[in-house]
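> One structure coming up, written as structure tokens, with questions to follow.
The values are calculated or read from the model by the stated rules, or taken from the named source; none is laboratory data. The model shown is predicted, which means the values in this text are computed figures rather than measured ones. Note that each Cβ is placed from the backbone with ideal geometry, even for glycine, and that neighbours are counted across all protein chains shown. Accessible surface is based on the protein model in full, side chains and every heavy atom, while ligands, DNA and RNA are left aside. Shrake-Rupley method; radii C 1.70, N 1.55, O 1.52, S 1.80 Å.
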Amino acid sequence: MKITRNKVYKFISVVIILIFAFLFTFPLYWIITGAFKPYEAINSLTPEWWPSEWVTTHFEKLMSNRKAPLWELHIPFGSFFSENGKPIVFWEGPEAPAAIRWLINTVFMAVTAMLLTCVTAAMAGYALAKKRFVGRTVLFTLIVCAMALPKQVILIPLVREMSDLNLYNTIWSVIFPAVGWPFGVFLIKQFSEGIPGEILESARIDGAGEIKTFINIVFPMIKPGVGALAIFTFINTWNDYFMQLIMLVNSEVWTISLGIAKLQGEYSTDYGLLMAGATMAAIPIITVFIIFQKYFTKGITMGAVKG
Amino acid sequence: MTNQVYTKRSRALVRRETTAAYLFLLPSLFFFVVFVIYPMIMCIYTSFFDSTMGREDIFIGFTNYVNLFQDEIFLGALKNTTIIVVVSVPAVCAFSLWVASVIYDMKGAACSAFRCIFYLPVVTGSVAVTVVWKWMYNNYYGILNYVGTKTGILDTNINWLGDSRFALWCIILILFTTSVGQPIVLYVSALGNVDNSLVEAAQVDGATRFQLFWKIKWPQIMPTTLYILVITTINSFQCFALIQLLTSGGPQHSTDTIMYYIYYMAFTLYKYGYANAMGVILAIIIAVLSAIQFKLAQSNT
């Protein structure tokens, strides 16, 4: 009797969760199918649940909407020497649809932020967990407090700072604050606690220097943590719309999310075009997420284990 | 003599260790101090100034703060933000706990499939999600009105985002779908780590499913609940993209939130000092709430 009641409860719960799962995937389904529906289907009073006809007109419109050079390489710190404080471009790519450029910008931004975060956080997290040094407690407290504060409150001073550094309106103004965000250090610190002290000790006795110890012994041990942090940073930077919105002004430096948001301002009811843009923004990041899902889940749960 | 040598050596060791530690910390500290700590200090500092574009800042003491609490739009935004937090935080926590409790003991593939699905709206990104919801909410072509009127739930089409009675709730609904992903992942892992010997002992003693949950599992997942409460609260306070892209705070300021108002003040009206004062208030509110949640959770366990 008891077992059957449990089973009934379980069965009903699973059914309800399946319904919710359907509702949660529906917007994504609507984005992708909407991107391929003809105008008449989109602006019809009876929605088409499955596109009766697949068209690519919206993608064509998106591609011809704006043009931009495919890439622009700057001379490092060139803005400090140029007369107007703008970056000096030394290599400009061929002209291409702006949406492609936005995608390239976004990938560049997310990958760079990811690499920088992983390297700096791996080093700092290890030192914080395994080294006894003056100011350790103070630093750790500062990091935890900074993490609890809303990121957005620092954005206004950040805009001013970036324009003082001639970085405003460049992709670096989005990358650097993402690297500075201390979550990564915290995550790796939690992960490095598990490194046995004896291993580090024996490495020291064998005469391995600090850097050698870090590269050959510590890094292989914290690799899963770094992997989790990498995918976490990648997805978060990709989707950090607010930061991109206030830092990036010219359409050549926009990211794909920002580009779509701006398109929405111009073509607020051209849902086909907007869905095509949303598809371009969402598909790459969802693919990355599904491939690295395991690491990602680990990163989330590790961050929650508070010391 | 030997003692002296020893302390000298260990002091040298400490010094070496400290130097090494700071060298490892240096790159990370650089970014942390320059792009997080410095702007934080500047945020507090500028909040005491009348600060705008193209002229020197003027020191005005607490005037920004005094003005804030006489600013009706700010108070309205505070009210809306509170509604969002009070509604969405418990809803997110309860829903994600329920989903997690059902899926956590499923087979690996099924469990991760569900986790993935509930995480999808987060990964999709707020812009893409907002764009499609705007279409679904549309007065004429929106699927919500279509389904509503076809099934007889709605008499006529509703202008969801244009009606001050519904707009805020529409935002909360989207916020809900983009918030439950992380808590579910956390709860699934917390429930998986619950000490099984206690559960079995309770089952032998004849505990009901209900008792088993509240008496055995709930206390053990308390730290996770606390963490989820804190991050969900912070996320709900920071609700911005949805507002900016869907309603811009309208109609009649019915969906203004603090975060959106800060943005509006700073980047439309260029009142930096005033906006920073709001940022400071927001930070204080979040810090106090986190502390309260922490205390509550501690006294419960």
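> Please compute the average number of Cβ atoms from other chains found within 10 Å of each residue's Cβ in peptide A:141-153.
6
> Roughly how big is the B-A contact, given as buried accessible area in Å² (both sides, 1.4 Å probe, nearest 100)?
Buried: approximately 8300 Å² between A and B.
> For region B:246-301 and region A:114-140, what is the separation of their Cα centres, given in Å?
Cα centroid to Cα centroid, the span is 30 Å.
> Taking R0 as 41 Å, what FRET efficiency do you get between A:T25 and A:T137 from their Cβ-Cβ distance, rounded to the nearest 0.05?
Result of the calculation: an efficiency of 0.35.
> Label chain A by shape, choosing from rounded, prolate and oblate, from the square roots a ≥ b ≥ c of the eigenvalues of the Cα gyration tensor; if a/c is under 1.5 it is rounded, and otherwise prolate applies when a/b is larger than b/c, oblate when it is not.
Values: a/c = 2.39, a/b = 1.21, b/c = 1.97.
Here chain A falls in the oblate category.
> Need one value for A:128-139: mean number of C-beta atoms belonging to other chains within 10 Å of its residues' C-beta atoms.
Working: counts 4, 0, 3, 7, 5, 11, 6, 4, 3, 0, 0, 5.
Mean partner shielding for this stretch: 4.
> Note down the relative contact order for chain A as a percent, whole number, built from C-alpha pairs under 8 angstrom at least six residues apart.
The normalised contact order for chain A reaches 25 percent.
> Another question, then. Counting alpha carbon pairs within less than 8 Å and at least 6 residues apart, what relative contact order, in whole percent, applies to region A:1-55? Before the final figure, lay out each step's value.
Values: 20 pairs, mean separation 14.3, N = 55.
Value for region A:1-55: 26 percent.
> Going by accessible area, probe 1.4 Å, with all protein chains left in place, what is the ranking of A:H74, A:H58, largest first?
A:H74, A:H58
> What is the set of long-range amide H partners of B:F49 at a cut-off below 5 Å, with H atoms built 1.01 Å from backbone N?
Amide H neighbours of B:F49, under 5 Å, 5+ apart: B:I60.
> Which cross-chain or sequence-distant (5 or more) residues have an amide H under 5 Å from the amide H of A:A96, H modelled 1.01 Å from N in plane?
Sorted by chain and number, the residues that satisfy this are A:A68, A:L70.
> Report relative contact order for region A:111-210 in percent, whole number only (criteria: Cα-Cα under 8 Å, sequence separation at least 6).
Computed over region A:111-210, the figure is 53 percent.
> Just to be sure I understand the interface: list residues from region A:193-237 that lose 30 Å² or more of accessible area between the chain on its own and the complete protein assembly, 1.4 Å probe.
Relative to the lone chain, where solvent access is computed with a 1.4 Å probe, region A:193-237 loses at least 30 Å² at A:R204, A:E210.
> So how do A:148-154, A:237-243, B:89-95, A:199-205 stack up, highest first, on mean other-Cβ count within 10 Å?
Details: A:148-154: 21.1, A:237-243: 22.9, B:89-95: 17.9, A:199-205: 13.0.
Most protected by this proxy first, the peptides run A:237-243, A:148-154, B:89-95, A:199-205.
> At 0.36 nm per residue, and after removing the present C-alpha to C-alpha distance, how many nm does the segment from A:I217 to A:I88 gain when stretched out fully?
Extra length available between A:I217 and A:I88 comes to 42.2 nm.
> Apply the Karplus parameterisation 6.51 cos²θ - 1.76 cosθ + 1.60, with θ equal to phi minus 60°, to every residue of region A:35-46 and state each ³J(HN,Hα) to the nearest whole Hz, in sequence, with x for glycine and proline.
5, 10, 8, x, 3, 4, 6, 6, 9, 9, 6, 9
> Using the structure shown, select from A:K10/A:K223; A:K223/A:K262; A:K294/B:K134; A:K130/A:K294 the pairs with a Cα to Cα distance greater than 30 angstrom.
Table pairs above 30 Å Cα-Cα are A:K10/A:K223; A:K223/A:K262; A:K294/B:K134.
> Let me ask something else about it. Provide the packing ranking of B:276-286, B:260-270, i.e. peptides ordered by the mean count of other C-beta atoms within 10 Å per residue, highest first.
Working: B:276-286: 21.9, B:260-270: 19.2.
For the peptides B:276-286, B:260-270, the packing ranking is B:276-286, B:260-270.
> I'd like the distance separating the alpha-carbon centroids of region A:251-307 and region B:85-147, in whole Å.
Taking the Cα centre of each part, region A:251-307 and region B:85-147 sit 15 Å apart.
> Can you compute 3J(HN,Hα) from phi for each residue in region A:133-146, using the Karplus curve 6.51 cos²θ - 1.76 cosθ + 1.60 with θ = phi - 60°, rounded to whole Hz and x for Gly and Pro?
Each residue's phi maps through the Karplus curve to give 9, 5, x, 5, 5, 4, 4, 5, 4, 4, 5, 5, 4, 4 Hz.
> What number, rounded to the nearest 500 deg cm²/dmol, is the helix-based mean residue ellipticity at 222 nm of chain B, given -39500 (n - 2.57) per DSSP H run of at least four residues and division by all its residues?
-22500 deg cm²/dmol
> On a full-extension model of 0.36 nm per residue, what is the gain between B:R16 and B:D163, subtracting their alpha-carbon distance, rounded to one decimal in nm?
Residue separation times 0.36 nm, minus the Cα-Cα distance, leaves 46.4 nm.
> Would you mind getting the accessible area per residue of the protein assembly as shown, heavy atoms of the protein chains only, 1.4 Å probe, in Å²?
Result: 47 Å² per residue.
> Does a label point 7 Å from the Cα of B:V34, set along Cα-to-beta-carbon, have any residues of region A:169-209 with amide nitrogen under 17 Å, and which are they?
Correct set: A:169-182.
> Here's something else I'd like to know. What are the ³J(HN,Hα) values, in whole Hz, obtained from phi via the Karplus relation 6.51 cos²θ - 1.76 cosθ + 1.60 with θ = phi - 60°, for each residue of region A:201-213 in sequence order, with x given for Gly and Pro?
Each residue's phi maps through the Karplus curve to give 4, 5, 5, 5, 5, 6, x, 6, x, 4, 5, 4, 4 Hz.
> Based on the alpha carbons, how large is the Rg to Rh ratio for region B:121-261 when Rh follows Kirkwood?
Working: Rg = 20.4 Å, Rh = 17.9 Å.
Rounded to two decimals, Rg over Rh is 1.14.
> Which order do A:I32, B:I231 take when ranked by solvent-accessible area (1.4 Å probe, heavy atoms of all protein chains), largest first?
Final ranking, largest accessible area leading: A:I32, B:I231.
> Could you rank A:M123, A:M221 by how accessible they are, 1.4 Å probe, largest area first?
From most exposed to least exposed: A:M221, A:M123.
> With each run of n ≥ 4 DSSP H residues scored as -39500 (n - 2.57), what mean residue ellipticity at 222 nm is computed for chain A after dividing by its residue count and rounding to the nearest 500 deg cm²/dmol?
Working: 15 runs with 207 residues, N = 307.
Taken over chain A, the calculation gives -21500 deg cm²/dmol.
> Apply 1/(1 + (r/R0)^6) to the Cβ-Cβ distance of B:Y270 and A:S251, taking R0 = 30 Å, and write down the FRET efficiency to the nearest 0.05.
0.85
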